[in-house]
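Participant: Below you will find the structure I want to go over with you.
The values are calculated or read from the model by the stated rules, or taken from the named source; none is laboratory data. Bear in mind that the values here come from a model prediction, so they are computed numbers and not experimental data. Ideal geometry is used to build each Cβ from the backbone, glycine not excepted, and the neighbour counts take in all protein chains shown.
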Amino acid sequence: MNVATEGSGGDAGSGKGPGLFEVLRRELKLRNYSNKTFKAYRSHLREFTKYISPKHPRELNEQDVRDYLLHLIHDRNFTSGTIGQVISAIRFLYVELYKRPFAIAGIPRPLKERKLPVVLSLDEVKSIFAALGNEKHRIMLMLVYSAGLRVGEVVRLKPEDIDSDRMMIHIHSGKGKKDRYTVLSGVVLEGLRDYWVAYHPKRWLFEGQTEGKPYSIRSAERVFEKAAAKAGIIKDVSIHSLRHAFATHLLEQGTDIKFIQELLGHQSVRTTEIYTHVSRKEIGQIRSPIESIIQPKGTKTK
């Protein structure tokens with residue numbers, strides 16, 4: 001029996017007990033991992049067990065695992081970030097489920113690519129909002145930008161999370177299962193009140209087509225994509241770019257980076273510091289040396 005089969009089969013093909021992925025689900029749940037992590041680990045381990053079939057993972061040594069990772073890098077062009085996820089899944093399999101840490105003890109993690117976020121300007125953000133004719137869509141994207149939300153956070157907001165007395169938004173179980181508060185804009189609050197009158201949301205602030213279900217993440221992403229295209233944005237951006245813009249624009253306004261860290265829910269300020277590399281606050285004040293040689297058209301020579 002294939003080790004990847006869910007349901008009746010046991011870990012070593014004994015025909016007894018739950019299958020590998022049911023054991024994986026239980027063990028991750030015991031450690032309070034998110035369902036998103038389970039789905040990612042399950043996907044990576046499915047690919048892993050399919051690749052090594054008919055061998056069982058217990059039959060592999062460290063070199064076998066290395067060969068698989070090299071296959072993902074060279075043949076499938078996986079990024080360092082995805083390789084890191086694959087290693088995490090395989091590590092969980094051997095360390096937590098099989099109790100065989102020695103099988104992957106020497107597996108290195110790839111260096112992370114330090115890519116800078118693409119940042120939308122204030123005018124570009126404004127043009128995206130203007131491209132939205134649907135009030136529900138417009139207020140959703142305005143919330144993402146005005147409060148620095150992740151897309152998974154905005155679609156899971158409930159009406160009671162909007163604290164108009166304290167002008168704050170309560171984010172429950174954000175990334176890393178952490179709660180936090182972020183800022184509620186007065187402008188957005190006005191829009192939310194109009195939205196409330198028009199839509200009367202019940203359980204979820206933004207409800208999906210199925211009753212009782214929140215708006216889907218993919219639907220929210222498509223709303224942004226269509227609005228960005230209509231606004232003529234040619235940058236390679238996604239709905240997450242609104243969160244990047246929020247942080248960068250706050251930094252350019254002079255907001256202390258520690259406050260930005262708290263609003264974004266970053267565990268370390270080092271994560272937030274990436275926005276110092278894309279902010280115009282400092283870079284925009286630097287005068288290129290070419291301007292000492294060639295003056296812009298229309299500039300009078302002293």
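Participant: Is it true that some residue in region 76-83 is at pLDDT 85 or above, touching a Pro at 6+ places or on another chain (Cβ under 6 Å) and under 27 Å from K177 (Cα atoms)? Break it down stepwise before answering.
Facilitator: Going residue by residue through region 76-83, those that are at pLDDT 85 or above are 76-83.
Still in the list and also touching a Pro at 6+ places or on another chain (Cβ under 6 Å): 80, 83.
If we keep only those that are under 27 Å from K177 (Cα atoms) as well, we get 80, 83.
Scanning region 76-83 turns up at least one residue that is at pLDDT 85 or above, touching a Pro at 6+ places or on another chain (Cβ under 6 Å) and under 27 Å from K177 (Cα atoms).
Participant: I'd like the full set of residues that are in contact with a Leu (Cβ under 7 Å, 6 or more places away or on another chain) and either at pLDDT below 85 or of a type in the set (D, E) (or both), limited to region 13-30.
Facilitator: E27
Participant: Scan region 29-55 for residues that are in a helix (DSSP H, G or I) and farther than 18 Å from Y94 by Cβ and jot them down.
Facilitator: K29, N35, K36, K39
Participant: I've got another one for you. Does A229 fit the bill of being modelled with pLDDT of 95 or more and loosely packed, with under 13 Cβ neighbours inside 10 Å?
Facilitator: The answer is yes for A229.
Participant: Here is a list: G148, G186. Which entry is of a type in the set (G, A, S) and without any contact (Cβ under 8 Å) to a residue 24 or more places away in the chain?
Facilitator: Details: G148 fails: without any contact (Cβ under 8 Å) to a residue 24 or more places away in the chain.
None of the other options fit; the residue is G186.
Participant: Answer with yes or no whether K281 is surrounded by fewer than 18 Cβ atoms within 10 Å (Cβ to Cβ) and at pLDDT 90 or above.
Facilitator: no
Participant: Here's another thing I want to ask about it. hydroxyl-bearing (S, T, Y), at pLDDT 90 or above and farther than 25 Å from R114 by Cα: is that true of Y33 in this structure?
Facilitator: no
Participant: Here are some residues: I234, I257, I239. Which one is touching a residue at least 24 places away in the same chain (Cβ under 8 Å) and either outside the structural domain of G133 (by TED's automatic domain parsing) or out of contact with any Lys or Arg (no Cβ under 6 Å at 6 or more places or on another chain) (or both)?
Facilitator: After ruling out the rest, the residue left standing is I239.
Participant: Still on this structure, I have one more. Sort through A220, A229, A198 and tell me the only one that's aliphatic (A, V, I, L, M) and without any contact (Cβ under 8 Å) to a residue 12 or more places away in the chain.
Facilitator: A229
Participant: Just checking: which of the helices (runs of 4 or more DSSP H) contained wholly in region 143-243 hold 2 or more residues that are farther than 23 Å from L122 by Cα and among the charged types (D, E, K, R)?
Facilitator: Those helices (runs of 4 or more DSSP H) span 186-199.
Participant: Something else: Which condition number does E190 fail, the rest of (1) farther than 16 Å from L141 by Cβ; (2) surrounded by fewer than 17 Cβ atoms within 10 Å (Cβ to Cβ) being met?
Facilitator: Of (1) farther than 16 Å from L141 by Cβ; (2) surrounded by fewer than 17 Cβ atoms within 10 Å (Cβ to Cβ), only one is false for E190: (1).
Participant: In region 181-193, is there at least one residue being touching a His at 6+ places or on another chain (Cβ under 9 Å) and closer than 22 Å to R166 by Cα?
Facilitator: Yes; the residues of region 181-193 include at least one that is touching a His at 6+ places or on another chain (Cβ under 9 Å) and closer than 22 Å to R166 by Cα.
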